[in-house]
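Shown next, in structure tokens, is the structure this report addresses.
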Amino acid sequence: MKVMAENEEKKSEAEELREVLGVIKDFIPEIMPQIKELIDMIMDALSGEKLGKDAASFYKSLVETGVDEKTAADLTKQFIEGKLSLLSNIKSLPAIRIEKDEDIEKREK
């Protein structure tokens, strides 16, 4: 009796997990365009030319508001380092491959 109850509980847990994973599987493709857009936006912000212009603009605005040049240079260095640390964080993310429905259907046949 106890073994049957444990088996039923395991089946119930497996079914619940299957449902959760099904929802996740359906949800991820829906949010992939937004994730890609966010990553593209971050990568664009980290492009060499854009980063240089952003850093120069940041430095210039600090100096124009009365911050001394050494402090402005230190803050600009921190600004650049902060942006570059985003890049290393992004590189450490695991790769995610989302299959299209038709690819899954072909594989299952």
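The values are calculated or read from the model by the stated rules, or taken from the named source; none is laboratory data. Computed from a predicted structure; not experimentally measured. All Cβ positions, even for glycine, are placed from backbone atoms using ideal geometry, and neighbour counts span all protein chains on display.
Among the residues of the stretch 18-34, those that are in contact (Cβ under 8 Å) with a residue 60 or more places away in the chain and aliphatic (A, V, I, L, M) comprise Ile28, Met32.
Would the stretch 6-23 turn up any residue that is in a helix (DSSP H, G or I), over 21 Å from Leu86 (Cα atoms), polar (S, T, N, Q) and not assigned by TED's automatic domain parsing to the domain that holds Asn89? Yes, that holds for at least one residue. Within the stretch 82-103, not a single residue is surrounded by 11 or more Cβ atoms within 10 Å (Cβ to Cβ) and at pLDDT 85 or above. Residue count for the stretch 45-67 under the criterion of being part of a helix (DSSP H, G or I) and surrounded by 11 or more Cβ atoms within 10 Å (Cβ to Cβ): the result is 15. Could you tell me whether Lys70 is assigned by TED's automatic domain parsing to the domain that holds Asn89, part of a helix (DSSP H, G or I), of a type outside the set (Ser, Thr, Tyr) and more than 25 Å from the chain's Cα centre (by Cα)? For Lys70, the condition - assigned by TED's automatic domain parsing to the domain that holds Asn89, part of a helix (DSSP H, G or I), of a type outside the set (Ser, Thr, Tyr) and more than 25 Å from the chain's Cα centre (by Cα) - is met.
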